[in-house]
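Engineer: Dropping the structure in here first, questions after.
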Amino acid sequence: MEDNKYKKFGISAFGVFLFLPIYWLINMSFKTNEEILGGLTLWPQNFTLDNYVQIFSDPTWYMGYVNSIVYVCINLAITLALALPAAYAFSRYKFMGDKHLFFWLLSNRMAPPAVFLLPFFQLYSSVGLFDTHLAVALAHCLFSVPLAVWILEGFMSGVPKEVDEIAYIDGYSFPKFFLKIFLPMIRSGIGVTAFFCFMFSWVELLLARTLTSVEAKPIAAIMTRTVGAAGIDWGLLAAAGVLTIIPGVVVVWFVRNHVAKGFALGRV
Amino acid sequence: MNKVQNNKAWFLVLPVFALVAFSAIIPIMTVVNYSVQDIFDQNNAYFVGAEWYREMLSSPRLLDSLLRQFGFSFAVLAIQIPLGIGVALMMPAKGRMAAVWLIIVAIPLLIPWNVVGTIWQVFSREDIGLFGWSINAIGIDYNYASSPIAAWITVVLMDVWHWTSLIALLCYSGLRAIPEAFYQAARIDRASRWAVFRYVQLPRLRSVLIIGVLLRFMDSFMIYTEPFVLTGGGPGNSTTFLSQELTKMAIGQFDLGPAAAFSLIYYLIVLLVCYLFFTIITHQDKVK
Amino acid sequence: MAEIHLKSLAHSYSKNPTSASQYAIREMDHIWEDGGAYALLGPSGCGKSTLLNIISGLLSPSEGKVLFDGVEVNNIPPEDRNIAQVFQFPVIYDSMTVFDNLAFPLRNMKVPEVRVNTRVNEIAEVLELEELLSKRAKNLTADEKQKVSMGRGLVRSDVSAILFDEPLTVIDPHLKWKLRRKLKQIHEQFNITMVYVTHDQLEASTFADKIAVMYGGQIVQFGTPRELFERPNHAFVGYFIGSPGMNLVEVERADGGVMFNSIKVPLDNSINAILNESASTNIKIGIRPEFVHVWEEPTDGAFECRLKVVEDLGTYKILSIDLDGVEFKARIEEDAPVPTDKVYISFPEQWLKVYLDEYLVDPTHDALEGA
């Protein structure tokens with residue numbers, strides 16, 4: 001089919017469009033600032049690893065990554081721990097106010113984070129959680145938990161209730177059934193949820209920056225404050241940027257099969 | 001699924017409810033509280049009723065931002081939706097390359113938003129960026145730091161680069177759900193490529209597209225980080241959208257009262273537009 | 001109208017098949033004659049859908065040729081083969097009305113709107129869809145949707161064959177017979193070659209003049225429903241056709257016939273001769289429950305057995321009988337006397353079939369062939 005030629009050309013063009021800016025960043029990360037500011041070169045004339053070395057050796061830099069990863073993981077843990085039982089309830093039971101609760105949860109996804117800036121700042125300060133990983137993780141939960149419940153409910157509804165009933169007849173207690181039988185069946189769903197939680201929490205800047213100052217400062221905040229007296233350290237900035245892309249690629253590689261299914265449910 | 005009526009299920013839902021209520025209701029109430037007070041400091045706060053609301057709704061600064069915001073959202077939607085559908089149609093449906101392209105297309109969605117801003121900041125500069133330099137090299141005067149038009153183009157381009165993939169991935173999965181028999185029948189019916197798209201694929205994409213448009217509208221309406229890093233809102237005010245305006249007011253100036261009122265107006269606009277969109281769509285379904 | 005000839009046809013989904021098991025369709029030669037109504041009957045996975053898709057052109061066979069009226073069509077795409085195909089579940093264009101659905105193939109061929117109008121109305125009348133013409137296709141019931149699918153196939157005047165891939169699968173049982181009747185009516189009215197794939201023998205026998213039974217990628221018998229019933233060419237045909245199917249028992253050669261356990265079944269010498277020529281040990285005897293002769297008293301040539309179960313199905317009864325450890329089913333009329341414990345059965349010679357390597361041993365036939 002000649003169709004395929006156009007398709008290949010089209011998708012490759014789009015791929016180039018997506019990749020070019022990223023390539024440019026990678027390109028810059030291996031250059032010195034002099035080279036960057038000196039003129040435009042398509043690949044590093046004086047290849048250098050200095051920028052990366054600096055990041056890996058300077059705690060203020062690499063701690064940024066560590067902090068980000070820590071709160072993303074905490075967020076994921078809390079989200080799953082809360083969303084799994086809730087999604088199960090929505091999937092298996094009818095209860096008073098269930099529809100209203102579901103829609104209310106979803107509506108929180110529509111709230112502009114900027115609206116919560118100030119209240120969160122004051123709220124978390126007042127409970128002594130300011131500048132902790134937990135604060136950021138919890139703040140992100142406002143958006144990730146409803147999403148997780150929605151995605152998980154979709155996957156859980158795909159498992160027939162008969163499975164639950166058979167387990168009870170076989171003598172499983174609810175926790176045992178849930179952990180040993182049910183969860184493995186919705187593995188894809190958990191993978192998809194983890195992907196979307198990561199996708200939101202890792203990339204979000206506003207709340208993460210507002211709720212932290214020194215201890216739990218995420219890499220995003222550190223990067224936005226790299227303007228020094230001598231101007232912007234482009235090479236360093238580029239290297240830092242490249243390093244933030246890598247975890248994303250790793251995560252999507254691991255869940256690539258599940259993600260297709262997740263998007264298929266149309267639940268983002 | 002035949003669900004069993006059981007109010008004890010609330011126990012399972014309670015943790016979620018508590019967290020979200022805590023995170024959502026308390027802050028919102030705080031915001032509402034601030035929005036009706038004039039706050040000088042911790043101890044000096046006076047009830048001023050709807051004054052801030054009136055002020056905000058008539059503030060030219062706010063209305064300008066609102067206008068810019070709508071303009072931005074419509075511009076990006078107009079590009080991202082057709083482009084996203086097109087990309088989804090071009091992505092291979094199966095085989096090794098399918099997974100590879102899936103990952104390539106997904107990457108922009110996984111980059112921290114400030115890095116997206118940084119990437120485009122660098123990429124579009126005429127001195128150190130490939131894009132900026134190239135445009136200037138072919139004779140077009142392009143500097144996003146000084147020209148509002150250039151700034152707008154860059155911001156829109158950046159958002160298209162960033163988020164088209166979301167629409168593409170949604171549509172891609174929607175397309176995969178179409179059984180082969182429909183394509184086979186269309187072949188036998190001698191349908192043209194366009195007819196296949198219009199009568200087989202597009203109807204099936206409807207539900208994912210509704211979600212996609214809704215999400216993209218909401219997210220573009222709330223955008224903050226990327227344009228902030230790229231242009232800082234400038235030159236001047238030209239790319240200052242609603243979130244940035246609000247943040248400036250709340251954190252920058254600490255004008256709590258007005259900021260709070262603004263916040264609520266903002267939230268309500270988002271909810272209102274979403275509600276309208278949803279109603280129109282479901283109404284269309286009923287009419288059919 | 002078209003005669004469809006499958007010549008040395010075989011198909012494997014693997015690129016370089018090395019063994020017979022990798023073939024979905026094993027080499028076959030078959031002719032579907034012009035204007036006939038045929039059924040392609042077989043269990044799931046036997047290759048019927050594959051064969052159908054090869055005929056329609058949606059699948060290209062890895063070996064062999066497909067000929068329409070003597071012309072090779074292997075490289076001709078489905079849209080140019082003048083065939084129509086109806087799938088297992090209704091394939092309709094949701095966003096269009098029934099009228100537009102039916103008009104779709106014609107409009108794609110740029111037929112003038114006036115002609116489209118007449119033709120659609122014609123077909124709608126035949127299929128009893130006139131009242132639904134302005135309704136949106138999305139809102140129809142499953143059987144109405146299937147009728148629309150069929151209509152789209154019929155609406156093109158250049159259609160020479162219609163292929164049906166288990167089209168009644170999603171239809172409610174009580175509506176199936178209506179649609180089957182409608183199909184038969186269409187066949188009589190339009191005289192188009194029709195090939196109907198199914199795993200339901202009742203559907204096959206009510207619809208088709210001749211049935212091709214498929215098993216393991218091959219057409220093992222092609223005949224009228226009656227031929228299949230009375231003279232199954234292949235052990236599988238015996239087993240598959242009939243309700244319940246043929247009683248089949250594995251046997252060994254014995255003096256003057258065959259035997260299983262301690263039961264000796266005498267056979268005609270001509271059959272024995274053919275058996276002795278082969279070294280194979282795959283021998284079966286088969287007899288349909290309808291033809292098992294049940295006696296109340298001990299009779300010459302009848303075997304004594306024990307009655308296990310009697311199932312009363314209204315107009316007839318099924319007896320499950322144990323003959324020396326092997327179960328036989330016999331079918332008797334509703335008024336026939338039911339024995340209580342001991343029962344005597346015999347196997348009338350003309351109905352007792354012998355299968356060597358799954359195929360029917362038929363001395364007269366072989367004699368004609370000069371085997």
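The values are calculated or read from the model by the stated rules, or taken from the named source; none is laboratory data. These numbers were taken from a predicted model, which means no experiment stands behind them. With ideal geometry, Cβ positions are generated from the backbone for all residues, glycine too; neighbour counts draw on all protein chains shown. Ligands, DNA and RNA are stripped out before the accessible areas are found, and what is left, the full protein with its side chains, is counted by its heavy atoms. Shrake-Rupley method; radii C 1.70, N 1.55, O 1.52, S 1.80 Å.
Engineer: Which aspartates and glutamates have a Cα less than 13 Å from the Cα of residue C:264, not counting those fewer than 8 places away in the same chain?
Structural biologist: Reachable aspartates and glutamates: C:250, C:252, C:255, C:304, C:324.
Engineer: Let me ask something else. Apply the membrane-span-like helix rule to chain A: whole DSSP H runs, Cα extent along the own long axis of at least 18 Å, mean Kyte-Doolittle hydropathy at least 1.6. List the helices found.
Structural biologist: Span-like helices here: A:234-254.
Engineer: Let me ask something additional. Give me the one-decimal Kirkwood hydrodynamic radius in Å for chain C, with the sum taken over alpha-carbon pairs.
Structural biologist: It is 23.3 Å.
Engineer: Could you work out, residue by residue across A:137-146, how many beta carbons of other chains sit within 10 Å of that residue's beta carbon, and then give the average as an integer?
Structural biologist: Numbers: counts 0, 3, 2, 1, 5, 6, 2, 0, 6, 3.
Per residue, the number of nearby Cβ atoms from other chains is 3 on average.
Engineer: Would you mind calculating the relative contact order of chain C from Cα pairs under 8 angstrom and at least 6 residues apart, reporting the percent as a whole number?
Structural biologist: Worked out over chain C, it gives 15 percent.
Engineer: Hey, another quick one. Can you tally the net charge around residue C:32? Count Lys and Arg as +1, Asp and Glu as -1, for every other residue whose Cβ sits under 10 Å from the Cβ of residue C:32.
Structural biologist: Value of the local net charge: -2.
Engineer: If you don't mind, there's one more thing I want to ask. If a/c stays under 1.5 just call it rounded; otherwise compare a/b with b/c (prolate if a/b is bigger, oblate if not). Do that for region C:97-203, with a ≥ b ≥ c from the square roots of the Cα gyration tensor eigenvalues.
Structural biologist: oblate
Engineer: Between residue C:310 and residue C:67, with labels modelled 7 Å along Cα→Cβ, what's the label distance in nm to one decimal, could you check?
Structural biologist: Those two pseudo-labels are separated by 5.8 nm.
Engineer: For residue C:19 and residue C:136, compute 0.36 nm times the residue count separating them, minus their Cα-Cα distance, and round to one decimal in nm.
Structural biologist: That works out to 37.1 nm of additional length.
Engineer: If you count, for every residue in A:83-90, the Cβ atoms of partner chains within 10 Å of its Cβ, what is the mean?
Structural biologist: Taking all residues of A:83-90 together, the mean is 5.
Engineer: Peptide B:148-160: average number of partner chain Cβ atoms within 10 Å per residue?
Structural biologist: Mean inter-chain Cβ contacts per residue within 10 Å come to 0.
Engineer: Report the label-to-label distance for residue C:327 and residue A:127 in nanometres (one decimal), using points 7 Å from each Cα along the Cα→Cβ vector.
Structural biologist: In this crude spin-label approximation the distance works out to 6.7 nm.
Engineer: Note down the net charge around residue C:237, summing +1 for each Lys or Arg and -1 for each Asp or Glu among other residues with Cβ under 12 Å from its Cβ.
Structural biologist: Local net charge: 0.
Engineer: At a probe radius of 1.4 Å, what is the per-residue accessible area of residue C:271, in Å² to the nearest 10?
Structural biologist: About 30 Å², ignoring ligands and nucleic acids.
Engineer: Between rounded, prolate and oblate, where does chain B land on the alpha carbon gyration tensor, with a ≥ b ≥ c its root eigenvalues, rounded for a/c under 1.5, else prolate if a/b exceeds b/c? Mind showing how you got there, number by number?
Structural biologist: On the way: a/c = 2.19, a/b = 1.25, b/c = 1.75.
Oblate.
Engineer: Could you work out the relative contact order of region A:61-175, using alpha carbon pairs under 8 angstrom and six or more residues apart, expressed as a whole percent?
Structural biologist: RCO, region A:61-175: 47 percent.
Engineer: Also: Give me a comma-separated list of calculated 3J(HN,Hα) values for region C:253-263, in order, Karplus coefficients 6.51, -1.76, 1.60 applied at θ = phi - 60°, integers in Hz, x for any Gly or Pro.
Structural biologist: Running phi through 6.51 cos²θ - 1.76 cosθ + 1.60 with θ = phi - 60° gives 5, 9, 5, x, x, 9, 8, 9, 6, 10, 9 Hz.
Engineer: Which entries in the list A:94/C:135; C:15/C:210; A:94/A:176 go over 31 Å, if you measure between the two C-alpha atoms of each?
Structural biologist: In this structure, A:94/C:135; C:15/C:210 exceed 31 Å between Cα atoms.
Engineer: Relative contact order, percent, of chain B when contacts are C-alpha pairs under 8 Å separated by at least 6 residues? Walk me through the numbers before you get to the answer.
Structural biologist: On the way: 277 pairs, mean separation 78.5, N = 288.
Relative contact order, chain B: 27 percent.
Engineer: Cα to Cα, under 14 Å, and not fewer than 8 places away if on the same chain: which aspartates and glutamates meet these conditions relative to residue C:182?
Structural biologist: Correct list for residue C:182: C:125, C:128, C:143, C:144, C:203.
Engineer: Of the accessible area of the protein assembly as shown, with the probe set at 1.4 angstrom, what percent is carbon plus sulfur?
Structural biologist: 59
Engineer: What does the charge add up to near residue A:40, with Lys and Arg as +1, Asp and Glu as -1, over the other residues with Cβ less than 12 Å from its Cβ?
Structural biologist: -1
Engineer: Please go through region B:1-41 and write out the chymotrypsin sites (Phe, Trp or Tyr not before Pro) that DSSP classes as loop and that have at most 16 other C-beta atoms within 10 Å.
Structural biologist: When the chymotrypsin sites (Phe, Trp or Tyr not before Pro) of region B:1-41 are filtered for loop state and at most 16 Cβ neighbours within 10 Å, B:40 remain.
Engineer: In deg cm²/dmol, rounded to 500, what helix-only [θ] at 222 nm does chain C give when every DSSP H run of at least 4 residues adds -39500 (n - 2.57) and the total is split over its residues?
Structural biologist: Estimated from H runs of four or more residues: -8000 deg cm²/dmol.
Engineer: Then there's this: Would you list B:283, C:187 from the most to the least accessible area, probe 1.4 Å?
Structural biologist: B:283, C:187
Engineer: Once amide H atoms are built 1.01 Å from N in the peptide plane, which residues 5 or more positions from residue C:247, or in another chain, come under 5 Å H to H?
Structural biologist: C:287, C:288
Engineer: Rounded, prolate or oblate: which fits region B:3-162 when a ≥ b ≥ c are the square roots of the eigenvalues of the alpha-carbon gyration tensor, with rounded for a/c under 1.5 and prolate only if a/b beats b/c?
Structural biologist: oblate
Engineer: Set the bar at 19 Å for Cα to Cα. Now go through A:5/B:94; C:110/C:147; C:48/C:147 and name every pair that lies beyond it.
Structural biologist: Result: C:110/C:147; C:48/C:147 exceed 19 Å.
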